[in-house]
1. Checking Ile20 against (1) aliphatic (A, V, I, L, M); (2) part of a helix (DSSP H, G or I); (3) more than 29 Å from Tyr155 (Cβ to Cβ), only one condition comes out false. Which one?
2. In region 70-111, how many residues are touching a strand residue (DSSP E or B) at 6+ places or on another chain (Cβ under 8 Å), modelled with pLDDT under 95 and over 16 Å from Glu127 (Cα atoms)?
3. Sort out which residues of region 93-106 are surrounded by fewer than 20 Cβ atoms within 10 Å (Cβ to Cβ) and either in contact with an Asp or Glu (Cβ under 8 Å, 6 or more places away or on another chain) or basic (Lys, Arg) (or both), and write them in order of number.
4. Take the conditions in contact with a helix residue (DSSP H, G or I) (Cβ under 6 Å, 6 or more places away or on another chain) and closer than 20 Å to Ala22 by Cβ and apply them to Phe72. Does it pass?
5. Could you list all residues from region 162-173 that are open to solvent by 50 Å² or more (accessible area, probe 1.4 Å) and assigned to a helix (DSSP H, G or I)?
6. List, please: which pairs have Cβ atoms under 7 Å, are six or more places apart or on different chains, and start with a residue in region 158-176 that is within 20 Å of Thr117 (Cα to Cα) and among the small types (Gly, Ala, Ser) and end with one that is open to solvent by 100 Å² or more (accessible area, probe 1.4 Å) and part of a helix (DSSP H, G or I)?
7. Which one of these does Met30 not meet: (1) on the phi > 0 side of the Ramachandran plot; (2) surrounded by 10 or more Cβ atoms within 10 Å (Cβ to Cβ)?
8. Only one of Arg43, Arg11, Arg6 is surrounded by 10 or more Cβ atoms within 10 Å (Cβ to Cβ) and of a type outside the set (Gly, Ala, Ser); which?
Amino acid sequence: EHEIERVGGARPIQVDLRVICATNRPLERMVAEGRFREDLYWRLKVVPIEIPPLRERRDDIRDLAQHFLGRFAAAYGRTPQTLSPGAVSLLENYSWPGNIRELENLVERLAVVCDSTLIEESDLPLEVALGAGLAREAERESSYDSAMTAFEKGYLRKILAQAGWNRRRAAERLGIGYSTLK
């Protein structure tokens with residue numbers, strides 16, 4: 001009827017609106033079980049759009065992450081950042097149990113914490129790097145040690161770059177002996 005009446009209001013108000021709602025619950029099954037109102041279900045189900053979880057849309061991850069990086073750079077007054085190919089690869093291979101909100105939160109953390117304009121593999125949290133690395137390694141039938149080695153190499157490259165490729169300063173920063181980096 002395109003009108004609503006406010007609680008305590010004296011006259012109806014004309015409205016023209018669309019309701020967009022989202023859920024991760026099986027509404028059809030809930031209606032059948034009597035746990036969701038059938039009339040409401042049919043009012044809402046006019047144009048259903050099913051969007052698969054992020055882990056099933058790996059091709060979208062790079063673009064979404066870059067979009068979030070641009071948005072957070074503007075919001076925090078920072079220089080826009082980009083993702084290295086290695087970082088993109090890890091993001092694309094991660095399972096994203098928290099879906100797009102997890103990606104958005106991670107990218108916000110990276111935008112705030114990373115000083116470099118290029119976000120490397122080693123900038124990613126350990127759980128993302130390991131999760132993605134293990135998924136990649138599992139595909140190649142390799143080992144946990146291989147995934148850890150790949151992460152360690154990326155991390156060492158990051159520290160070396162921050163130390164101006166001076167191995168002595170990098171070793172001091174890492175708290176390891178200089179000879180370990182030879």
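The values are calculated or read from the model by the stated rules, or taken from the named source; none is laboratory data. A quick note: this is a predicted structure, and the numbers were derived from the prediction, not measured. Cβ placement follows ideal geometry from the backbone for every residue including glycine, while neighbour counts extend to all protein chains displayed. Side chains are part of the model used for accessible areas, which takes the heavy atoms of the whole protein and leaves out ligands, DNA and RNA. Shrake-Rupley method; radii C 1.70, N 1.55, O 1.52, S 1.80 Å.
1. Going through (1) aliphatic (A, V, I, L, M); (2) part of a helix (DSSP H, G or I); (3) more than 29 Å from Tyr155 (Cβ to Cβ) one by one, Ile20 breaks only (2).
2. Qualifying residue count for the region: 1.
3. Arg101
4. Criteria not met by Phe72.
5. Matches in region 162-173: Gln162, Arg167, Arg168, Arg169, Glu172, Arg173.
6. So the pair list comes out as Ala163/Arg169; Ala163/Arg173.
7. Going through the list (1) on the phi > 0 side of the Ramachandran plot; (2) surrounded by 10 or more Cβ atoms within 10 Å (Cβ to Cβ), Met30 breaks only (1).
8. Exactly one of Arg43, Arg11, Arg6 is surrounded by 10 or more Cβ atoms within 10 Å (Cβ to Cβ) and of a type outside the set (Gly, Ala, Ser), namely Arg43.
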